[in-house]
Amino acid sequence: MSFTSNVPFDVLQFAKTLTKLEYGDPTVLDMINQNYQNLGRAYRIGVTGPPGAGKSSLVTMMAKHYREEGVRVGIIAVDPSSPFSGGALLGDRIRMQQLGADENIFIRSMASRGAMGGLAEYADAAADLFDLYGFDVILLETVGVGQSELEIAQCADTTVVVIVPQSGDVIQGMKAGLMEIGDLFVMNKSDDPFSEKATQQLKSAIHLKEWGEWTPPIINTVATENRGIDRLIHQLNAHHSFLIQTGALEQRRQQRLVRRIKQMVTEKVERELWNKTREIKLLQAIQERRQPQHILEEIYQDFRGSFYVGNESESN
Amino acid sequence: MSEMKVNPIDSSAVPQSIRDEDQNHLHEIEKYQKAKQKWEDDLKKSKDRGGYYYSVSSSPIDILGLPETPPKHFLEKIGFPGQYPYTRGIHPNMYRGKLWTMRQFSGFGTPEETNERYHYLLQNGQTGLSVAFDLPTLMGRDSDDPWSTGEVGKCGVAVSSLRDMEVLMHGIDQGNVTTSMTINSPSFILWAFYIAAGEKKGTHRSQMGGTLQNDILKEFIAQKEFIFPVRPSIKLVVDTIEFATKEMPKWNSISISGYHIREAGSTAAQELAFTLADGFAYIEAALDRGLDIDDFAPRLSHFFNSHIDFFEEIAKFRAARRIYARIMREEYHAKKERSWMLRFHTQTAGCSLTAQQPENNIVRTAFEALAAVLGGTQSLHTNSMDETLALPSEKAVTIALRTQQIIAHEIGVAHTIDPLGGSWYVEQLTDKIEAEAYEYFRKIKELGGNRGFLPGVIAGIESGFFQREIAQAAYLHQQELDRKDRIIVGVNDYVDPDEKIDIPILKITEEAELRQKEILKKLRSERDNRKVEQCLAQLKESCENNTNVMYPVLECAHAMVTLGEMMNVMKSVYGEYIEDSVF
Amino acid sequence: MERKIRILIAKPGLDGHDRGAKVMAAACRDAGMEVIYTGLRQTPEMIVNAAIQEDVDIVALSILSGAHMTLFPAVLKLMKEKGLNDVLLTGGGIIPEEDMKALEALGVGKLFGPGTNTQEAIEYMKNWVSKHRTYKVV
């Protein structure tokens, strides 16, 4: 299967392709692989922040704005899966439904359950697919709690961290890691009486850090009332230009690829290493109460040996 | 009970604290005698409806049961009927003075059809009207709006203009019959239609009595028929409270509703706590407007659900009166006794009815209605047995009304005030539900930074606190049913597999929609459209300048501006609310 | 291949009574499904558009307003037009039995009234998926 941009966009087929990708279908992965040279056209924006910060509203307003500029917008909205049943309640569309049935906006909700190869890898690949299918802007929305969500944010060219003024300490309320990944900070719900204080706190926190050539700006918005979105888009454009001019965009994409390939190699090695034979061997060795160090050496040597023989079989 | 401290063996050495307590108790007995005397005096002054207060064995029925010696905190917690904190009821003679109002909620199809049903109900002994509007009207849309397709006249009557209201009220004396209108987001507009319709018949607005549901907070919390964002929505409610206070002394400006909160799946304590919190939020908003609490509080009414759990419901109603009186008096410093009294309408629980073996619903409704009467309700709607299948048929409505009449006249419970008062179990349960409500109050206030109920309720809505509490309670209830931990007859046990439902079902045809559309078309072409534009411009100006919208809305009504036209202008100023769903 | 069932739960029309929709959404999640909840007041266009983009197996509508004879056929027609031929349209609400039969004759799936055990509805949906999909449900 190969990709050509001349075929008209088939929304049904695209939706099904995304599902296949989510379940690690090799034909789709292969297609992305073969079209690797065509990737990188779209601008990928990650939007993350604590629950209740108004990310969906913000993403909706951003999408509205981009649509007015005439560009095609793809949205990937990630919500957590239930750890008990593996099911999920995906409610991000509720706000986004006001975007109507516009064929140039494609919204996909995604559960954070361990899709094959990890969530970040899938989101990254899904963004690739949007990119290949001619979407100009891709918005990745995730809840900023937990490591995998932070990784998704890093699939983006620009990461927007959304927070809300709360009565307490804003910086204290931010989950570890959020502060580090923001290229832009949005103080949403800025009609709150605590907004000014919170913005000042955030400003001080930002200036305490070393940021290199780009210091993240803070944008005050009231997304539900479409206030401040113009300023946000303006800053996004500024960051995008900055990324292009300084070569940081290319650098970020390379880093992303490095991470992704490393991850893939690691997974491949892990799969080959822990085949059934070795799992059983390990268990037996432990039951025989042999020294762990000896077990390690034996399995490692066995694994290395398999490369020379070249007959490592996938027996799992 | 658990407060027993005295060791009976060692009675010689009574500690000082106990002796103090005895002293206090003596003092309490004195106070009790005084209160009792006052009640007896009030009773003599009260008008009796002249009922026949003898049991079926022809033996006289006592009006009130009292303890031989009053238990501790009797006056603070239980007291006498018609006395603070009104646990036993708001009148000294309760239903011997006046039975509750039997108010069956109805409306369907066109205003013509509903008007006919109203005349039928009034002839059959119903004592007040209660208008059910269709969904488009509830959502502020005209019958010819594209969103209204398929919904016109389905769940109630379609009213898009003053013309429709005039037809609906045709031949009904609006100065005599009280009308309750179940309308929320566009309440002020339908109210204006009602006022204008009455005025055109020569009834002065100050003579009109009735109730506007007008409770937008519970829409955000439970029923979800909201249109504008939270803050402008509250502003509009205060406009109506202000208007009623100044112009319509016989009108209940708002019916603070727990019914829908319960139907959405809440527990009894949640219903009680969220409803009262909503009410206090309106009170704070009205106080912020500069109104005097004793000018408007006497016209606030409440609306509760009477669910299937008999004692829990009775305890809920009793606790409601006690909490309300306390907070009105002690937190808001209301002076008039009437401001302390919680008056309420009750509807039996629609969600307790079953589509299976629907005749059983008559029994369920009867128990629920009984709980409402034992709980001291001021008015009551009893559901019809076929409501889980479709709109109620005439026969089903009549049985529901007869159920109330049987409770009022046959079974004797209306002759004695608060007959369950003093029951150890019911008093205990009343205290328990009260405590649960206070715990919710604490949480709600905390959500708003402990600045009162108004900021707390707004924060609770916007953060999804209420919605989450209710959704979780609803899901828990469903799981109980799925597991058969809780039995519902005919649904998850005692099922009749060969059941054939032979209840005649009232069906609304699409004809209502076509007729309404035609009428609107005609109306739009015949009215003075320049005047319409002028009135709408004034309405918009009022919204932008934050003045009371009731006056420009009345002007619009008289100029035959439609509901949808007014709402669209207001949406352009206030915007529309979107809810983030929580589970 | 193994997959999770994806279901879109929507409330079309003006009705805001979402107790049933929410309870069902929670039950489906707890049965391991991925539930896309669209919220209130959806037009048939919005619902079908979402169903396409989300590549769902099932579309479930909750209607208590009496407008089911308008809304179900409208959604069904649009699904067919847009090529969603192998997606189940089901739902629940206050729907008289004869209307249920009429809708089933049009091609709408089984509809569930008040008092339905959520597990019964879930079983029905799972069975439908196992008959109409080649993947294994996880």
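The values are calculated or read from the model by the stated rules, or taken from the named source; none is laboratory data. Note that this is a predicted model, so its numbers are computed, not measured. Neighbour counts are summed over all protein chains in view; Cβ atoms, including those assigned to glycine, are modelled from backbone coordinates with ideal geometry.
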Top-ranked residue of region B:107-154 - restricted to ones that are more than 14 Å from chain C (Cβ to nearest Cβ) and in a strand (DSSP E or B), ranked as nearest to the chain's Cα centre (by Cα): B:SER130
Say whether the condition of being over 13 Å from B:VAL230 (Cβ atoms) and out of contact with any Leu (no Cβ under 7 Å at 6 or more places or on another chain) is met by at least one residue in region B:452-460. yes
Where in region A:214-316 are the helices (runs of 4 or more DSSP H), entirely inside, with at least 3 residues that are over 30 Å from A:TYR36 (Cα atoms)? A:229-246, A:276-287, A:292-309
Counted residues, region B:285-296 - those being touching a helix residue (DSSP H, G or I) at 6+ places or on another chain (Cβ under 8 Å) and either farther than 16 Å from B:THR240 by Cβ or surrounded by 23 or more Cβ atoms within 10 Å (Cβ to Cβ) (or both): 4
Across region C:11-39, what is the total count of residues that are more than 8 Å from chain B (Cβ to nearest Cβ) and of a type in the set (Phe, Trp, Tyr)? 0
Mind listing whichever residues of region B:531-559 are in a helix (DSSP H, G or I), within 27 Å of the chain's Cα centre (by Cα) and not aromatic (Phe, Trp, Tyr)? B:MET550, B:VAL553, B:LEU554, B:ALA557
Mind checking which residues of region B:87-118 are β-branched (Val, Ile, Thr) and in contact with a strand residue (DSSP E or B) (Cβ under 6 Å, 6 or more places away or on another chain)? B:THR101, B:THR114
Do we find a residue being at pLDDT 95 or above and within 11 Å of the chain's Cα centre (by Cα) anywhere in region C:123-135? yes
So for region C:90-99 (the condition being within 14 Å of the chain's Cα centre (by Cα), at pLDDT 95 or above, under 28 Å from B:GLY109 (Cα atoms) and part of a helix (DSSP H, G or I)), does at least one residue qualify? no
With respect to B:GLY202, determine if the residue is more than 20 Å from the chain's Cα centre (by Cα) and without any contact (Cβ under 8 Å) to a residue 12 or more places away in the chain. yes
The residue from B:GLY65, B:GLY79, B:GLY50 that alone is modelled with pLDDT of 90 or more and touching a helix residue (DSSP H, G or I) at 6+ places or on another chain (Cβ under 8 Å) is B:GLY79
So the check is Cβ under 7 Å with 6+ separation or different chains; which pairs have a first residue in region A:90-108 that's without any contact (Cβ under 8 Å) to a residue 12 or more places away in the chain and farther than 25 Å from A:ASP124 by Cβ and a second one that's outside any strand (DSSP E or B) and polar (S, T, N, Q)? A:GLN97/C:THR38; A:ALA101/C:ASN49
Test B:GLU579 against the criterion of being charged (D, E, K, R) and at pLDDT 95 or above, and give yes or no. no
Give the residues of region C:81-124 that are within 12 Å of another protein chain (Cβ to nearest Cβ), out of contact with any helix residue (DSSP H, G or I) (no Cβ under 9 Å at 6 or more places or on another chain) and more than 27 Å from B:GLY265 (Cβ to Cβ), sorted by residue number. C:GLU98
Answer yes or no as to whether B:ARG326 is surrounded by fewer than 24 Cβ atoms within 10 Å (Cβ to Cβ), within 29 Å of B:LYS445 (Cβ to Cβ), more than 18 Å from the chain's Cα centre (by Cα) and not β-branched (Val, Ile, Thr). yes
All but one of (1) part of a strand (DSSP E or B); (2) within 13 Å of chain B (Cβ to nearest Cβ) hold for C:LEU8, so report the exception by its number. (2)
Can you pull out every residue in region B:479-530 that is touching a strand residue (DSSP E or B) at 6+ places or on another chain (Cβ under 6 Å) and either farther than 22 Å from B:VAL363 by Cα or among the charged types (D, E, K, R) (or both)? B:ILE508, B:ALA512
Helices (runs of 4 or more DSSP H) (entirely within region B:336-445) containing at least 3 residues that are within 14 Å of another protein chain (Cβ to nearest Cβ) and not aliphatic (A, V, I, L, M): B:360-374
Given (1) touching a Lys or Arg at 6+ places or on another chain (Cβ under 9 Å); (2) part of a helix (DSSP H, G or I), B:GLU518 misses just (1)
Within region B:560-583, work out how many residues are over 28 Å from the mean Cα position of the chain (by Cα), under 10 Å from B:LEU536 (Cβ atoms) and in a helix (DSSP H, G or I). 3
Of residues in region A:163-194 being within 14 Å of chain B (Cβ to nearest Cβ) and modelled with pLDDT of 75 or more, the one nearest to A:LEU140 (Cα to Cα): A:ASN188
Go through (1) of a type in the set (Val, Ile, Thr); (2) surrounded by fewer than 24 Cβ atoms within 10 Å (Cβ to Cβ); (3) not in a loop (DSSP other than H, G, I, E, B) and name the single condition B:ILE308 misses. (3)
Scanning region A:1-43 for residues that are surrounded by fewer than 12 Cβ atoms within 10 Å (Cβ to Cβ) and not in a helix (DSSP H, G or I), the one modelled with the lowest pLDDT turns out to be A:MET1
Inside region C:40-80, can you point out the residues that are within 14 Å of chain B (Cβ to nearest Cβ), outside any helix (DSSP H, G or I) and either surrounded by fewer than 24 Cβ atoms within 10 Å (Cβ to Cβ) or at negative phi (or both)? C:LEU40, C:ARG41, C:GLN42, C:THR43, C:LEU61, C:SER62, C:ILE63, C:LEU64, C:SER65, C:ALA67
I need the full set of residues from region B:411-432 which are farther than 15 Å from B:LEU374 by Cβ and not basic (Lys, Arg), in order please. B:TRP424, B:GLN428, B:ASP431
